[in-house]
Amino acid sequence: MKYFALLLLLLFPSILMGQSNRNAAEAFLQSFADAFNAHDLDKIMAHMTDDCIFEASAGPDVNGEKFTGQAEVRKAFEDVFTMYPDARWNNPIHFISGDRGFSEWTFTGTRKDGTKVEVTGCDLFTLEDGKIAVKNSYRKNRR
């Protein structure tokens, strides 16, 4: 019993540190989601590396249309806000494991022609040095 207590005392700070790091990482992804819902391109891009990649859920490429670098990725996100002026990613749930992250959400938006869109989707992230290097999006389209 004495050894178990000693082991627990030795491991407890590591357990707390791991939980603290996970909470901070999940807060980072929530901050990213909040920036999207605010349509704040500067805050969105501040979460991403200089050589970031965005793989959209649709497009001509195998993994959807691919955008590389701050300028291309920013323009892709700006186009989403232009297409859906009221775009929102609702009820996000975030998970982190090592250098990978995951966010699940329900997107809602109205196109300029009045067509309403609601889809469930997720983003898979690759994280580098505390920022998003790759944002790979998936969604389930609804009719």
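The values are calculated or read from the model by the stated rules, or taken from the named source; none is laboratory data. Everything quoted here is computed from the prediction, not taken from an experiment. Note that each Cβ is placed from the backbone with ideal geometry, even for glycine, and that neighbours are counted across all protein chains shown.
So here's what we get for this one:
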{"quantity": "Test: residue in the stretch 31-39 that is hydroxyl-bearing (Ser, Thr, Tyr), surrounded by fewer than 18 Cβ atoms within 10 Å (Cβ to Cβ) and in contact with a helix residue (DSSP H, G or I) (Cβ under 9 Å, 6 or more places away or on another chain)", "calculated": "yes"}
{"quantity": "Given (1) at pLDDT 95 or above; (2) surrounded by fewer than 14 Cβ atoms within 10 Å (Cβ to Cβ); (3) not in a loop (DSSP other than H, G, I, E, B), index of the condition Pro85 fails", "calculated": "(3)"}
{"quantity": "Leading residue by the ranking (farthest from the chain's Cα centre (by Cα)) among those in the stretch 104-143 that are outside any loop (DSSP other than H, G, I, E, B) and polar (S, T, N, Q)", "calculated": "Thr110"}
{"quantity": "Residue list for the stretch 88-115, restricted to those being surrounded by 14 or more Cβ atoms within 10 Å (Cβ to Cβ) and among the β-branched types (Val, Ile, Thr)", "calculated": "Ile96, Thr106, Thr108, Thr110"}
{"quantity": "Output for the stretch 98-143, where each listed residue is over 23 Å from Gly69 (Cα atoms) and touching a helix residue (DSSP H, G or I) at 6+ places or on another chain (Cβ under 9 Å)", "calculated": "Trp105, Gly109, Arg111, Lys112"}
{"quantity": "Subset tally (residues that are surrounded by 12 or more Cβ atoms within 10 Å (Cβ to Cβ) and assigned to a helix (DSSP H, G or I)) for the stretch 52-74", "calculated": "5"}
{"quantity": "Among the candidates Ala5, Ala24, residue that is modelled with pLDDT under 70, more than 21 Å from Phe102 (Cα to Cα) and either buried (at least 16 other Cβ atoms within 10 Å of the Cβ) or of a type in the set (A, V, I, L, M) (or both)", "calculated": "Ala5"}
{"quantity": "Unmet criterion (only one of (1) surrounded by 10 or more Cβ atoms within 10 Å (Cβ to Cβ); (2) out of contact with any Lys or Arg (no Cβ under 9 Å at 6 or more places or on another chain); (3) modelled with pLDDT under 95; (4) not acidic (Asp, Glu)) for Lys43", "calculated": "(3)"}
{"quantity": "Where a residue in the stretch 92-109 is in contact (Cβ under 8 Å) with a residue 40 or more places away in the chain and its partner, wherever it lies, is part of a strand (DSSP E or B) and among the polar types (S, T, N, Q), with Cβ under 7 Å and at least six apart", "calculated": "Pro92/Ser103; His94/Ser103; Trp105/Asn90; Trp105/Asn91"}
